[in-house]
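The values are calculated or read from the model by the stated rules, or taken from the named source; none is laboratory data. In this text the structure is predicted, and so the values were computed from the model without any measurement. We place every Cβ from the backbone using ideal geometry, glycine too, and count neighbours over all the protein chains shown. Accessible surface areas use protein heavy atoms only, side chains included; no ligands, DNA or RNA. Shrake-Rupley method; radii C 1.70, N 1.55, O 1.52, S 1.80 Å.
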Amino acid sequence: MFLTINDLNKQFIDQNDITNTVLQDINLNVEQGEFISILGPSGCGKSTLLSIVAGLTSATSGQINVDGHSISKPGKDRGVVFQEPALFPWLTVKENVIFPLKKEMSKSEAITHAKKYLKMVQLTNYLDHYPHELSGGMQQRVAIARALAMDPTLLLMDEPFGALDEQTRSRLHTQLESIWRDTKKTILFVTHSITESIKLSDRIIVMGTQPGVILTDIKVDIPRPREDHKQEMIEIEEHVMQYLKKEIDKVVSGEL
Amino acid sequence: MKPIFKRILFFVILIGFWSLGSALEWWSEIIFPSPLSVWQSFVSGIEDKTLIYGLIASFRRLAIGLSISLLLGTSIGILIAKSKTADDTIGSILLALQSVPSIVWLPLAIMWFGLNEKAVIFIVILGGTFVMALNIRTGIKNVPPLYIKAARTMGAGGIDLFRRVIFPASIPHVVTGSRLAWAFAWRALMAGELLSTGPGLGYTLRYASDFGDMSLVICVMIIIGVIGAIVDQLIFQRIEKNVAKRWGL
Ligand SMILES: Nc1ncnc2c1ncn2[C@@H]1O[C@H](COP(=O)(O)OP(=O)(O)OP(=O)(O)O)[C@@H](O)[C@H]1O
Ligand SMILES: [Mg+2]
């Protein structure tokens with residue numbers, strides 16, 4: 001198994017010493033090259049889970065192994081794409097993409113490398129632009145190229161297209177799918193869009209909230225490209241919806 | 001009308017009114033000389049080079065004092081941004097020091113260094129250091145956490161993280177800090193020179209005043225103001241604007 005998460009728990013303790021269990025008994029196994037979506041209502045701990053796998057947040061208990069190594073801090077084997085592009089505004093597109101490569105290769109090698117990944121996201125014409133000169137969708141593509149450039153085995157994406165308009169998002173879905181096919185990365189993709197998860201992933205991990213648990217693990221056995229299989233997509237959507245509805249009701253009633 | 005024309009017109013009217021008042025003797029030439037006499041003082045000051053030497057001397061001190069204060073301010077700023085203990089101790093006294101006009105230190109400085117240019121440079125350093133330190137601290141503390149997270153996932157940490165992410169991310173504050181440091185240092189320099197010793201622009205002002213040469217006094221005041229405005233608007237504000245745009249502020 002490529003990625004294993006065993007009995008993971010995460011608790012936050014607030015100012016009043018009240019313990020908030022955000023993730024409870026999370027167990028997950030992922031094969032190399034799988035595209036996994038993590039779907040769940042707001043606040044169920046999706047970002048926290050991803051952040052723990054990235055090594056940015058420490059777990060309260062539990063074990064994570066990636067490719068046989070136990071995870072405790074960030075590493076270049078795991079590329080992260082955040083909801084916001086997180087590009088460095090003082091660097092050009094090219095310089096942003098070679099940021100993670102500075103140590104392991106010469107500048108010219110790094111640039112060749114960067115160009116390869118910028119080509120994948122179709123941004124080779126913007127090498128010397130600054131982030132503020134690009135649209136949100138373009139910035140997010142640069143961020144994806146940057147994460148890919150360090151050649152991680154695992155790509156962690158936290159609602160990477162959440163802030164984009166519908167058309168841009170749909171175009172990026174297609175791009176991401178082909179990148180995934182070409183690079184054979186393992187992808188953990190957080191979203192709260194059911195359609196997005198069905199369109200992209202091999203498996204959908206549905207999470208429940210308060211505390212964050214894994215409700216179910218749904219295999220999406222639809223041939224790609226999935227646009228041609230609307231009927232099967234709707235069936236899965238209904239299946240996922242059954243699980244999610246209860247959770248969303250829980251969130252809504254909690255807020256009232 | 002373009003702002004530049006408005007501005008020119010405004011100055012024309014102002015100087016016109018000043019000339020008119022002098023010509024009609026609304027005020028006496030001795031206490032408030034006419035623009036023409038001020039201009040003549042300027043020309044003769046340039047010709048006999050007193051103004052030029054004064055300017056050079058002032059700028060030399062400014063350059064020394066300001067560079068030291070930027071370096072020192074940056075170091076203190078980084079220290080108090082990074083160390084909680086330093087912030088609780090040095091940080092707390094910084095705001096108090098910043099609110100003391102640095103010229104207040106002159107009597108002490110003269111005791112320590114004598115009535116010479118070391119004392120003036122000391123005042124200039126004090127003028128710029130604290131405001132620089134406070135801005136650097138703000139800059140470093142306000143680096144978006146997302147940049148740091150992103151950098152860490154790309155293998156950056158420790159000094160590398162600071163050098164490649166935290167410091168560049170706080171450049172807008174570095175620029176603002178430098179602009180304010182320059183402004184405080186310039187004021188401190190003029191005050192210091194006025195009260196201590198020459199050569200220098202401030203000293204020329206005092207000297208002119210001692211000799212009752214009011215047109216030279218006004219001439220030097222105008223030079224001080226014009227230099228201040230030029231450096232601030234043409235240099236610092238321009239850099240600040242470019243940086244703000246690039247940094248997406
Ligand atoms: N640093 C933190 N300190 C305390 N509580 C936190 C912290 N980070 C997250 N939480 C809590 O953990 C819970 C889950 O947060 P998380 O951001 O993982 O949710 P999410 O599933 O990503 O939600 P969304 O879909 O809105 O992004 C929330 O209740 C949040 O308040
Ligand atoms: Mg989230």
Subject >> Total residues in the stretch A:77-99, condition acidic (Asp, Glu) and within 7 Å of another protein chain (Cβ to nearest Cβ) >> reply: 1
Subject >> Lone unmet requirement of (1) away from chain B (no Cβ under 14 Å); (2) within 16 Å of ligand 1 (Cβ to nearest atom); (3) under 30 Å from A:ALA110 (Cα atoms) for A:LYS250 >> reply: (3)
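Determine which member of the set A:GLN210, A:GLN242, A:GLN167 is over 23 Å from A:ARG78 (Cβ atoms), within 16 Å of ligand 2 (Cβ to nearest atom), out of contact with any Pro (no Cβ under 7 Å at 6 or more places or on another chain) and not assigned by TED's automatic domain parsing to the domain that holds A:GLU95.
A:GLN210
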**OP:** Starting from residues that are within 16 Å of ligand 1 (Cβ to nearest atom) and modelled with pLDDT of 90 or more, keep the ones in the stretch A:168-195 and report whichever is nearest to the other protein chains (Cβ to nearest Cβ).
**Re:** A:LEU188
Original post:
Only one of A:PHE35, A:PHE82 is among the aromatic types (Phe, Trp, Tyr), open to solvent by less than 70 Å² (accessible area, probe 1.4 Å) and within 16 Å of ligand 2 (Cβ to nearest atom); which?
Top reply: A:PHE82
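Listed here are the residues, each with its yes/no results for (1) of a type in the set (D, E, K, R); (2) in contact with a Pro (Cβ under 9 Å, 6 or more places away or on another chain); (3) away from every other protein chain (no Cβ under 12 Å).
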residue: A:LYS115; (1), (2), (3): yes, no, yes
residue: A:LEU127; (1), (2), (3): no, no, yes
residue: A:TYR130; (1), (2), (3): no, yes, no
residue: A:GLU133; (1), (2), (3): yes, no, no
Original post:
How many residues are within 13 Å of ligand 2 (Cβ to nearest atom), crowded, with 16+ Cβ neighbours inside 10 Å and not in a helix (DSSP H, G or I) if we restrict to the stretch A:42-55?
Top reply: 2
Subject >> Yes/no for A:GLN83 being touching a strand residue (DSSP E or B) at 6+ places or on another chain (Cβ under 8 Å), part of a loop (DSSP other than H, G, I, E, B), closer than 30 Å to A:ASN9 by Cα and in contact (Cβ under 8 Å) with a residue 24 or more places away in the chain >> reply: yes
Original post:
Which of the residues that make up the stretch A:56-76 are within 14 Å of another protein chain (Cβ to nearest Cβ), surrounded by 15 or more Cβ atoms within 10 Å (Cβ to Cβ) and more than 10 Å from ligand 1 (Cβ to nearest atom)?
Top reply: A:LEU56, A:VAL66, A:ILE71, A:PRO74, A:GLY75, A:LYS76
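Residues B:ILE52, B:ILE110: which one is within 25 Å of B:TYR203 (Cβ to Cβ), out of contact with any helix residue (DSSP H, G or I) (no Cβ under 6 Å at 6 or more places or on another chain) and β-branched (Val, Ile, Thr)?
Residue meeting the stated conditions: B:ILE52.
Give, as residue ranges, the strands (runs of 3 or more DSSP E) completely inside the stretch A:165-256 that count at least 2 residues that are under 14 Å from the mean Cα position of the chain (by Cα) and either crowded, with 18+ Cβ neighbours inside 10 Å or on the phi > 0 side of the Ramachandran plot (or both).
Passing ranges, in order: A:186-191, A:203-208.
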**OP:** Please determine, by comparing only the residues of the stretch A:9-32 that are more than 13 Å from ligand 1 (Cβ to nearest atom) and in a strand (DSSP E or B), which one is most open to solvent (accessible area, probe 1.4 Å).
**Re:** A:ASP25
